[in-house]
Amino acid sequence: MLIVGPPGAGKGTQAARISEKLGIPAISTGDIFRANVRDLTPLGVEAKKYMDAGDYVPDSVTNDMVRDRLGQPDVADGFLLDGYPRTVGQVEELDRILADGDRPLNVVLQLTADTEELVRRLLQRARVEGRSDDTEDIIRHRLGVYHEQTETVVQLYAQRGILTRVDGIGAVDEVTSRVLAALEPFTGPGQAA
Ligand code: ADP
């Protein structure tokens, strides 16, 4: 399954809870990039230029990284991808990766929240975590990039009939309850996605 939504919608927080509940690994492309930046790998050095500006890392770089990650043994029985695909090119690549492994996509969960709430949360996170892409100008730029590029991705999955939307506003536990209820038709009670 996938979790999509604008920066600050709470994807990472909810992904960790879904992962635990369904017993599938959560894979965050943002986390993988940040780990590479921290370790100064060639991938990290390349990605940092884009991340610091609030832009997407080019598809060529991101697609290879995801293909490699989804080839590892721990994802054989299902996975939750957080932060990918974000462009139409990435949707096409994910389609190819899944077709190669004969693995269908069961459900795409969209977390929603309005822009001012997102800006407020991201500024708060900037104070707590000090992420270099969390200044107000860059935050607004990232939200703009999301609207331009990733809303099309969401529409594609809606057309395929596998999109389910959840309101990301409210207490974390409340949102988790909504998420698990929304996933039930796709996963069945207590089953893996
Ligand atoms: P957020 O959802 O708050 O923007 P993430 O932690 O998911 O943050 O990602 C941080 C940054 O990593 C993004 O702004 C982007 O530069 C890069 N990134 C993550 N996933 C992708 C992707 N699928 N395609 C391109 N760039 C990505």
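Highest first, please rank the peptides 114-121, 19-26 by the mean number of other Cβ atoms sitting within 10 Å of their residues. Please list the in-between numbers first.
Working: 114-121: 14.8, 19-26: 16.2.
Ranking the peptides 114-121, 19-26 by packing returns 19-26, 114-121.
At a Förster distance of 30 Å, what's the computed FRET efficiency of ASP173 paired with SER60, Cβ-Cβ distance as r, to 0.05? Could the numbers behind the result be given before it?
Numbers: r = 40 Å, r/R0 = 1.32.
The calculated FRET efficiency here is 0.15.
Ordering LEU40, VAL4, GLY23 by Cα displacement along the dipole of the chain toward the positive end leaves GLY23 in first place; charges were set at the Cβ atoms of Lys, Arg (+1) and Asp, Glu (-1).
Please compute the length gained on full extension between VAL119 and ALA53, using 0.36 nm multiplied by the number of residues separating them and subtracting their Cα-Cα distance.
Values: separation 66, 0.36 × 66 = 23.76 nm, distance 1.62 nm.
Full extension of this stretch gives 22.1 nm more.
Note on region 101-169: semi-axes of the ellipsoid equivalent to its C-alpha gyration tensor, largest first and rounded to whole Å, are 28, 13, 13.
As a check on your grasp of the helix formula, calculate [θ] at 222 nm for the chain: sum -39500 (n - 2.57) over DSSP H runs of n ≥ 4, divide by the residue count, round to the nearest 500. Result for the chain: -17500 deg cm²/dmol, rounded to the nearest 500.
For the chain, a crude dipole built from +1 on the beta carbon of Lys and Arg and -1 on the beta carbon of Asp and Glu, taken about the Cα centre, is about 260 debye to the nearest 20.
Peptides 4-10, 168-174 ranked from most to least packed, by the mean per-residue count of other Cβ atoms within 10 Å: 4-10, 168-174. Percent of C-alpha pairs per 5 Å bin in region 1-146, short distances first: 2, 9, 18, 22, 22, 16, 9, 2, 0.
Taken together, the values in this text are just the output of simple stated rules run on the coordinates, not laboratory data. Just so you know, these numbers come straight off a predicted model, no measurement behind them. Here Cβ is always computed from backbone atoms with ideal geometry, including for glycine, and neighbour counts include all displayed protein chains.
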